[in-house]
1. Find which of A:181, A:68, A:207 sits farthest along the positive direction of the dipole of chain A, computed with +1 on the beta-carbon of Lys and Arg, -1 on that of Asp and Glu, about the Cα centre.
2. Under a 10 Å cutoff between Cα atoms, tell me which one of A:115, A:238, A:132 has the largest fluctuation in the Gaussian network model of chain A.
3. First check a/c for segment A:346-389, with a ≥ b ≥ c the square roots of the eigenvalues of its C-alpha gyration tensor; if it is under 1.5, answer rounded, and if not, answer prolate when a/b is larger than b/c or oblate otherwise.
4. Check the straight Cα-Cα distances from residue A:332 and name the aspartates and glutamates below 18 Å, setting aside those fewer than 8 residues away within the same chain.
5. Averaged across B:389-399, how many Cβ atoms of other chains sit within 10 Å of each residue's Cβ atom?
6. HN-Hα J couplings of segment B:282-295 from phi, Karplus 6.51/-1.76/1.60, θ = phi - 60°, integer Hz, Gly and Pro as x?
7. Enter the Cα centre distance for the pair segment B:73-95 and segment B:124-203, rounded to the nearest angstrom.
8. Using only the Cα atoms, work out Rg/Rh for segment B:2-50, with Rh taken as the Kirkwood radius, to two decimals.
Number of protein chains: 2
Amino acid sequence: MEKLTGALVFAQSGGPTSVINSSACGVFETALKQGEITRVLGAHHGIKGVLNDDLFDIGQESKEELALLKTTPSSALGSVRYKLADPAVDDTDYRRILEVFKKHNVRYFLYNGGNDSMDTCYKVGKFLTENNYPCRVIGVPKTIDNDLEFTDHCPGFASAAKYIATSCMELTLDGKVYDKGSILIVEIMGRHAGWLTAASYVATAKGLGPDLIYVPERNFDVDRFVEEVKRVYAETGNCFVAISEGIHDENGKFISDYAKVVEDKKDMFNHAQLGGACAYLANIVKAKTGAKVRAIEFSLLQRCAAHCGSSTDVEEAYLAGKSAVLAAVEGKSGVMMAFKRSVVDGKYVCSIDEVDLSRVANYEKKLPDEYITAEGNNITPAFLDYVLPLIKGESRPPFVDGVPRFANLKKVKAD
Amino acid sequence: MEKLTGALVFAQSGGPTSVINSSACGVFETALKQGEITRVLGAHHGIKGVLNDDLFDIGQESKEELALLKTTPSSALGSVRYKLADPAVDDTDYRRILEVFKKHNVRYFLYNGGNDSMDTCYKVGKFLTENNYPCRVIGVPKTIDNDLEFTDHCPGFASAAKYIATSCMELTLDGKVYDKGSILIVEIMGRHAGWLTAASYVATAKGLGPDLIYVPERNFDVDRFVEEVKRVYAETGNCFVAISEGIHDENGKFISDYAKVVEDKKDMFNHAQLGGACAYLANIVKAKTGAKVRAIEFSLLQRCAAHCGSSTDVEEAYLAGKSAVLAAVEGKSGVMMAFKRSVVDGKYVCSIDEVDLSRVANYEKKLPDEYITAEGNNITPAFLDYVLPLIKGESRPPFVDGVPRFANLKKVKAD
């Protein structure tokens, strides 16, 4: 393998998670030690930071702040939602990337993100190869949605899952406190896949979770839902429901879009951004039952709650970043770091796998049938075998003055 | 002081908190060791448990489960919202309480709650005295609202404050991640007092909190609010706002009631219970700015997040319960346990004070003027001196299988 000497650019993309910075920490701490890597750069707002030549010199940061990244949520470098064009149609962006890479002698490009980001990563790598510019391109996975194919799970999922399961247990204790019952509906992220919503079942398995769980892998019927809630409420005096934000009817129309239609009728404001599947259903359930009904959206809280992180997730996210650097230095390119699960002496072991970026880009992994009950209104115990090892161990940032001490980078612009 | 021998009844009332069971733990562990206390009983659903002779024999619980109460949120015995009548008008309930107390030879009655509960406690104590039934009645404070007079602070407040400050910091990191700015409005509990909303300022003081904070101690003007949000958004590209659920206009009308009117116009469902001040304001801000706007209600999450508790709060709540038992055994009655703050060698010290129940009942302590900025749209640094010692130290339950292990009482009915 030929030694490749030059700078490394790391960029963060897509929705933030509790551990995307853990991967950054793994990348930075490892890259700063490699002789071949002359400089470690961080792109401001993902691929846009490359396009704008807006890069931070990570070598200027203190070791202490870089170490704090491991338990700092969100994307310290700034993220972006920007889709590169098909280079066959318009290669302007690609030529600009090449230009910036040449300017800084970038020979390592690591991109951290979900489905769309792996697509970006794949296209950039392909363009650079076709233009005979030696640069090793590696994808580092992340997404709370856990919907990337060819990896057992995704960094970020488990910490969100742990927060959701924990919060559901706490809400169950809170919700059943009065002598008069109530109905609680919580809305959990996941537009197309029910992985995160399924995590609420961990609470159920402990006797302190939702009675009914609805995921986007099944069509959602409002009338049937109301009947199921009524039945549980009549039987137990309470009802706790978890729904995915992405539940939809048999025609694929999101329930949250029904909420929007109702709001639009007022001709006043546009609720489009304000979620709403759970508030919409809560109103229906209230009208049909007369019960005390409450709707809670976990919203952004579930993807940034580093104070309730899974240490397994944090360590694995770090490992994904670290492995990406080592793989690149070893000559690998055009691959995404993936997780492979094995069981050794009855214990969960996670090892690093590599998967071609051409394969992973733009596939969405759904919750398998075996994890959803026949009625489609709950999760099966089989899911526990999958998820429990991932949420094991408690991670939180150091606390100062009673609140978290998060990383605070200087962000010195690379000249 | 005459020795009084008999059973002790402990009851929990009002909205749950993260630490109301910490006080229960302090009461139970202490009471079970007192020779004068022949039996320790827990009332099922507060005063209703007494009225219904629905009492649990706490002596039947294992020491391990009782110890777990210290980090278990909500009210393990069940809570209630029930207001006793004025005994001069209708003493039915009081006579029933006396009857049940006589049946079980109850000589110690400890009631854990907020303003209304202290009123209940006071009335019961007065009635028993007037009927020459020797029984020592002690109030144990709790309320996340922190609005009880004659105590420096209330058990439950600090843990909710810590969760709010922590979550605001995490949301700030998450919310500023994209190159395109956004506006975030969070709604925090507090119908009449802004203590909890003020806690978001701890995040602000760390550079990761709301830009604007609105509390019910000041009248809220929607137009001025929109202008202030627009100004911050124009200046910084983002805007993070924290509001109390209880913000109201100059006539005292809650902003959430305006939301209700809008919803009612649809003649479809009744939104009454679904909060709404923050969703209502988010819609207005969105219409007026065209910005990306998000509304998040901390809702029940903020009062049951024992996974992010203040260990100072947990220990003080325990102390309040323990001290109540000891005070009762020493002959005290008709008092509430209160917290007195002092500073010794520059360090915060909390000691137990006693205040007559006749004084404390039904007063509401507001956020003092010195903690609110002149513009009425933020909190002052002076508040930090008050709140930081309270949120110090991190408490969480033991975790098993990646999720909290909460107390699970057998709840054996007392014969």
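Just so you know, all these numbers are worked out from the coordinates, no wet-lab data involved. The structure displayed is predicted, hence computed values, not measured ones. Neighbour counts are summed over all protein chains in view; Cβ atoms, including those assigned to glycine, are modelled from backbone coordinates with ideal geometry.
1. A:68
2. Among A:115, A:238, A:132, the largest GNM mean-square fluctuation belongs to A:132.
3. On the way: a/c = 4.64, a/b = 1.37, b/c = 3.40.
Taking the square roots of the gyration eigenvalues as a ≥ b ≥ c, segment A:346-389 is oblate.
4. Answer for residue A:332, where 18 Å is the Cα cut-off: A:2, A:36, A:119, A:130, A:353, A:354, A:356, listed by chain and number.
5. 3
6. 4, 5, 5, 4, 4, 5, 8, 10, x, 6, 6, 10, 10, 10
7. That distance is 23 Å.
8. Ratio of gyration radius to Kirkwood radius: 1.01.
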